[in-house]
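Worksheet: one structure, shown below.
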Amino acid sequence: MNFRRHAKPEVFGFQIAPMVDILLVLLVFFIVTWNFSLADKELDVKIPTASNSKEAAAYVGQVVVNVRPDGSIVFNHETITGDQLLAKLQDLAKLFPDQAVILRGDKNAKYDAIANILDICRKANIWNIAFATAGGGN
């Protein structure tokens, strides 16, 4: 005779494997979208080409100012005025005195619009300014 009871296996209330799968999928999603957000490139802006230009890698904290062909200013994916840009750049210059600004001016933008951005950067005490160009290839 068998007097032992057959114990039912205990089922714990929470399975960890499906949760780990979901977290890994979310992690991959956020890493991919984060990399795309680093490249602050306004698609309406067609920058001029230069034969000896090099594509610089995007980095966290990169400040990019885009100038559209009509002279409008795009900063952090939103169209702003010159006064709003000045206020934002002044705040950045207070926090980071050596902050670099990348200026992406459309090749059809008037030179006045580019000179206006340079003037705003000077008023905000931003001295480190780079001009973005597309590689022309040799």
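The values are calculated or read from the model by the stated rules, or taken from the named source; none is laboratory data. Keep in mind the model is a prediction, meaning the values are calculated, not measured. Heads up, the Cβs are rebuilt from the backbone with ideal geometry, glycines too, and the neighbour counts pull from every protein chain shown. Please note that ligands, DNA and RNA were not included when accessible areas were found on the heavy atoms of the full protein model with its side chains. Shrake-Rupley method; radii C 1.70, N 1.55, O 1.52, S 1.80 Å.
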Tell me, please, whether a residue that is under 12 Å from the mean Cα position of the chain (by Cα) and at pLDDT below 75 can be found in the range 41-56.
yes
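Any residue that is assigned to a strand (DSSP E or B), more than 26 Å from Thr33 (Cβ to Cβ), of a type in the set (A, V, I, L, M) and at pLDDT below 90 - is there at least one of those in the range 124-133?
Initially, the range 124-133 is screened for residues assigned to a strand (DSSP E or B), giving 128-131.
Add one more test, that the residue is more than 26 Å from Thr33 (Cβ to Cβ), and what stays is 128-129, 131.
Narrowing the set further to residues that are of a type in the set (A, V, I, L, M) leaves 129.
Within this subset, residues satisfying the condition of being at pLDDT below 90 are 129.
Checked the range 124-133: at least one residue is assigned to a strand (DSSP E or B), more than 26 Å from Thr33 (Cβ to Cβ), of a type in the set (A, V, I, L, M) and at pLDDT below 90.
Residues are listed down the side, and each one gets a yes or a no for (1) in contact with a helix residue (DSSP H, G or I) (Cβ under 8 Å, 6 or more places away or on another chain); (2) open to solvent by 40 Å² or more (accessible area, probe 1.4 Å); (3) more than 22 Å from Ala134 (Cβ to Cβ):
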site: Ile80; (1), (2), (3): yes, no, yes
site: Asp83; (1), (2), (3): no, yes, yes
site: Asp91; (1), (2), (3): no, yes, yes
site: Leu95; (1), (2), (3): no, yes, yes
site: Ala100; (1), (2), (3): no, no, no
site: Arg104; (1), (2), (3): no, no, no
site: Tyr111; (1), (2), (3): no, yes, no
site: Leu118; (1), (2), (3): no, yes, no
Spot the failing condition for Val101; the list is (1) of a type outside the set (Phe, Trp, Tyr); (2) in a strand (DSSP E or B); (3) modelled with pLDDT under 65, and only one is missed.
(3)
Has the range 78-95 got any residue that is modelled with pLDDT under 90 and either assigned to a loop (DSSP other than H, G, I, E, B) or under 20 Å from Asn125 (Cα atoms) (or both)?
no
